[in-house]
Amino acid sequence: MDSKPTLHPVVASITQRVVERSARTRALYLRRIRAAFGSKVQRSQLSCTNLAHAIAAMPGPAKGRLVQLQELSPPNLAIVSAYNDMLSAHQPLQAFPEWIKQAAAEVGATAQFAGGVPAMCDGVTQGQPSMELSLFSRDVIAMGTAVALTHQMFDAALYLGVCDKIVPGLMIGALSFGHLPAVFVPGGPMASGMPNDEKARIRQRYAEGLITREQLLEAETRSYHSAGTCTFYGTANSNQMLMEVMGLHVPGTAFVPPNTELRKALTMESARRAASLSHGGEHFTPVGEMIDERSVINGIVGLLATGGSTNHTIHLVAMGRAAGIQIDWNDFDDLSRVVPLLARVYPNGSADVNHFHAAGGVGFVIRELLDAGLLHGDVRTVAGEGLRAYTREPWLDGERLAWRDVPVEPLDDSVLRPVSRPFSADGGLKLLSGNLGRAVIKVSAVKPEQRVITAPALVFDSQDELLAAFKRGELERDLVAVIRFQGPRANGMPELHKLTPTLGVLQDRGFKVALVTDGRMSGASGKVPAAIHVTPEAISGGPLARVRNGDVVTVDAERGVLLAQVPQHEWEARQAESGDTLAHEFGWGRELFASFRRHADGAEQGAASFAHPDYEHELARVPVEAAR
């Protein structure tokens, strides 16, 4: 385990309140997964017929290992993959199962491809009706993961996934089988393409009608051009940072490029590590015990220190709840006050993740935060050595995989900084609250003079309505754009990226501009202040349903205020408008997701569409002492 620097008092205090808040749900979760450990491997519970079905297609040597006496049976690893060859980030995963099986065999283990999960791309569906399935695809992935693991054949699992909802979905599914060890395996980023600042400039020119669609497409294909993850610091790359700082990767795995010998070596090492963590192995580490309150707090700190995606104010909540750990936006806000911003990666800067990785990357950030007492170093990880193992970077010493310390100083301090001279003293993520509800805002890319906006509201029920008004010349003014009926229950809470270039144009023309919405903007939100994830959402009678055109609205990221300046008696007397969601209930598969929309909880609760494990019935009848 890691030697402990003095933990920052705010980090210690917030961790303790999360422990206390989660006491009963966490204890019940642990009781459940410990009951599933058993004294033997899971497949020992299968009948001979069950087992014969499960190994029928395996090659002879592997089959022979799995039919040994169960107490002596070697580990069998599950492979759960989001591979498809349409999405650049997931295309490299095609080769991984064979590498994993080879590595497993080398240590006397076996591996089976347990199941595939869907992986939709927000980059493809952005601004389209199918984007309304995106958030709930996380829950489908969690369920698909459970289906893959439900055959009771496995001693540990490797989860192959990269983007947006895929890694959170895999994580929720893994935690539902928390008695199994878990190792997450990414694919790596594509090579750098067009500079991000130039890409943003071209998109704004297209929004103004100054270039053709053909010119826009030519620029986009220069930006997204090869296998691998998109290189801006959105949700996909935030996922990989989180898996490192939460100890779920083999150290240094996050941003190694695909189709390289180092990527292959790390993937094979992931298999060997999973085998060593399995039940009966040398370092048995079930993921449900490994991920605890400290791990989740580390995830929040890493997100803040790198300016990561706001989607994780939803996903981290849902992931924590899957392990019985209760966090909320107050925890993000309070930690953001003391966690410095150490990275500037687009949209918070001009660099991409390849530049960030070359400058020192996640290992540098983790070392700086550990040394400053801002991370829990004494956590369990798949490396089994505390979090300090994640301050080293992998390399190939000939054909041998090895690790070395990350640089003492960043190799480019325009991209990466030490704690002693950060880009900002805080993490740039704020909680807003007031009579419009609760929201989050990411200000790390917003200029200080744009962080407090007071202007008349213009209310729209979709992003397309706002874009049409812009084209008619109706937005040439100071304004707070209110886009409502975009929450989980209304239409699945799509991301609203089509707004970014247009609102950026208005800001560049000298207008005071802000966005308020119960929808999402993700890690690609940028220079325009955006109060997002407003909860309660409008379709549930939330305050956004009371806003009218012309109401003066304040979005104050300095004081954490989200306020419609309407006399209280008038505000309370107003009837909340009901949104027309009929057009969002069918087509593009949306009719299949009706129950997801109906049962989704709020953004601050993780926007889960299934009965998330809050253990309501057990909590009612089992005192916490008994649960422990």
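The values are calculated or read from the model by the stated rules, or taken from the named source; none is laboratory data. What you see is a predicted model; the values in this text were computed from it and never measured. Virtual Cβ from ideal backbone geometry, glycine too; neighbours counted across all protein chains shown. For the accessible areas, the whole protein counts, side chains as well, though only heavy atoms, and no ligand, DNA or RNA atoms are used. Shrake-Rupley method; radii C 1.70, N 1.55, O 1.52, S 1.80 Å.
Quick look at the values:
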item	result
Helix 9-21 vs. the chain, principal-axis angle (Cα, 0 to 90°, nearest 10)	80 degrees
Dipole moment magnitude, nearest 20 debye, segment 327-376 about Cα centre, only Lys, Arg, Asp, Glu C-beta charged	240 debye
Label-point gap, in nm, between Asp464 and Asp197 - each point 7 angstrom along Cα→Cβ	3.6 nm
Net lengthening on full extension, Asn330/Lys447 (0.36 nm per residue, minus Cα-Cα)	39.8 nm
Whole-percent carbon and sulfur share, accessible surface of segment 367-514, 1.4 Å	47 percent
Where Rh is the Kirkwood radius over Cα pairs, Rg/Rh for the chain	0.97
Label zone at Gln128, where the point sits 7 Å out along the Cα-to-Cβ direction: segment 78-101 residues whose backbone N lies under 14 Å	86-88
Protein-only accessible surface order, largest first, of Trp329, Trp588 at 1.4 Å	Trp588, Trp329
Extended-chain gain in nm, criterion 0.36 nm per residue less alpha-carbon gap, Phe284 and Phe37	87.8 nm
Near-label residues of segment 323-358 by backbone N, under 17 Å of a point 7 Å along Cα→Cβ of Thr260	352-358
Modelled FRET efficiency - R0 22 Å, Arg574 with Ser540, Cβ distances, 0.05 increments	0.85
Å² per residue, accessible surface of segment 502-547 at 1.4 Å	22 Å²
For segment 105-120, 3J(HN,Hα) per residue [Karplus equation, 6.51 cos²θ - 1.76 cosθ + 1.60, θ = phi - 60°, Hz, x = Gly/Pro]	4, 5, 10, x, 9, 10, 8, 10, 6, 6, x, x, 10, x, 9, 8
Using alpha carbons only: equivalent-ellipsoid semi-axes of segment 28-147, gyration tensor based, whole Å	33, 20, 12
Thr581 paired with Thr150, simple spin-label distance in nm, labels 7 Å along Cα-to-beta-carbon	2.7 nm
Ranking by accessible area, most exposed first, for Phe586, Phe460, Phe364, Phe37 with a 1.4 Å probe	Phe586, Phe37, Phe460, Phe364
Neighbour net charge for Lys165 - beta-carbon separation under 12 angstrom, K R +1, D E -1	-2
Solvent exposure ordering (accessible area, 1.4 Å, most first) of Lys498, Lys447	Lys447, Lys498
Label-point gap, in nm, between Ile211 and Val19 - each point 7 angstrom along Cα→Cβ	5.4 nm
Helix 196-207 axis, angle to the chain major axis (alpha carbon atoms, nearest 10°)	50 degrees
Net charge of Cβ neighbours under 13 Å - reference Gly209; Lys, Arg +1; Asp, Glu -1	+4
Accessible solvent surface per residue of segment 58-137, calculated while the other protein chains remain in place, 1.4 angstrom probe, Å²	40 Å²
For Glu577, solvent-accessible area (1.4 Å; no DNA, RNA or ligand), Å²	80 Å²
Nearest 10 degrees, 0 to 90: helix 293-306 Cα axis against the chain principal axis	50 degrees
Nearest-10 value in Å² for the accessible area of Tyr83, using the 1.4 Å probe	80 Å²
With all protein chains modelled, accessible area of Lys527 [1.4 Å, Å²]	80 Å²
FRET efficiency, Arg400 to Asp378 (Cβ-Cβ, R0 30 Å, nearest 0.05)	0.55
Net charge of Cβ neighbours under 9 Å - reference Met493; Lys, Arg +1; Asp, Glu -1	-2
